[in-house]
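To keep things clear, I will list the structure first and then write my remarks on it.
The numbers here are math on the coordinates, done by the rules we state, and not lab data. Everything quoted here is computed from the prediction, not taken from an experiment. FYI the Cβ positions are ideal-geometry reconstructions off the backbone, even for glycines, and counts take in every protein chain you see.
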Amino acid sequence: VEKLRLIVISDANLTRENDDRSQGGYFILLAEDEEKDNEEEIFVSILSWKYWKLKRKAISSLCAASQAMHEAKDDAIWMRNLIEFMYGVRMEIDLRTDCEALQQAAQSTHSVTNSRTRVQVGSIKEDIEMKEIRGMKHIAGITNPADLLTKDNSTKVLEIVQTMMSKNRLKYCR
């Protein structure tokens, strides 16, 4: 593998209870960045992961997902800059989310109504425009490994991740 990149996969759950905040989670993966005939599977290693209660109450799934992705994106940029400083290698960063509203908001020229969510989505959009981030793509929720960190009923995702394991590397379906 000659070229590598970081893939950031985030997830959040929207807690509907009054006393509890929503949770966010993400994986930052070191991945191949090769053009292949078979674009379905790539080998990755988990560099970092995090699970936490979101800092502010989420009023929508877009609000929760944007909080999680914003923090994940910032951590990935920091990690990429550290790797560049230490080894002189600059990697691309690709974002993945299973929240269609977030993916659409990051590509839209229309404003998000909630002011705090607007700031976070705007930060993601700006990083894409400034080439800090290569882009954001939507992935199916059932294949989102970050669901393991945020969902109670993530046994199907756990089975998928366990199946993907191979010689200390994950085979990840884009």
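What is segment 70-143's relative contact order, in percent, from Cα pairs under 8 angstrom and six or more apart in sequence?
After rounding, I find 40 percent.
Using modelled backbone amide H atoms (1.01 Å from N, in-plane), which distant-in-sequence or interchain residues come within less than 5 Å of residue 135's amide H?
Residues meeting the amide H criterion: 95.
So for the pair residue 78, residue 140, with labels modelled 7 Å out along Cα→Cβ, what separation do we get in nm?
3.4 nm
Can you give me the long-range amide H partners of residue 58? Hydrogens built in the peptide plane at 1.01 Å from N, cutoff under 5 Å, separation of 5 or more residues or another chain.
Answer set, sorted by chain and number: 22.
Rule-of-thumb check for segment 76-115: C-alpha Rg over 2.2 N^0.38 Å?
In units of the 2.2 N^0.38 Å rule of thumb, it is 1.66.
Nearest 20 debye, what's the magnitude of the dipole of segment 1-144 about its Cα centre given +1 on Lys and Arg Cβ and -1 on Asp and Glu Cβ? Walk me through the intermediate numbers first.
Numbers: 20 positive and 25 negative charges, 174 e Å.
Using Cβ point charges on Lys, Arg, Asp and Glu, segment 1-144 gives about 840 debye.
At 7 Å along the Cα-to-beta-carbon direction for both residue 56 and residue 86, put a label point, then send me their distance in nm to one decimal.
Distance between label points: 3.4 nm.
Extending each Cα 7 Å along its Cβ direction at residue 130 and residue 110, get the distance between those two points in nm, one decimal.
Placing both labels 7 Å along Cα→Cβ, they lie 2.7 nm apart.
Using packing as a proxy for protection, rank 99-105, 44-50 so that the peptide with the highest average count of other Cβ atoms within 10 Å comes first.
99-105, 44-50
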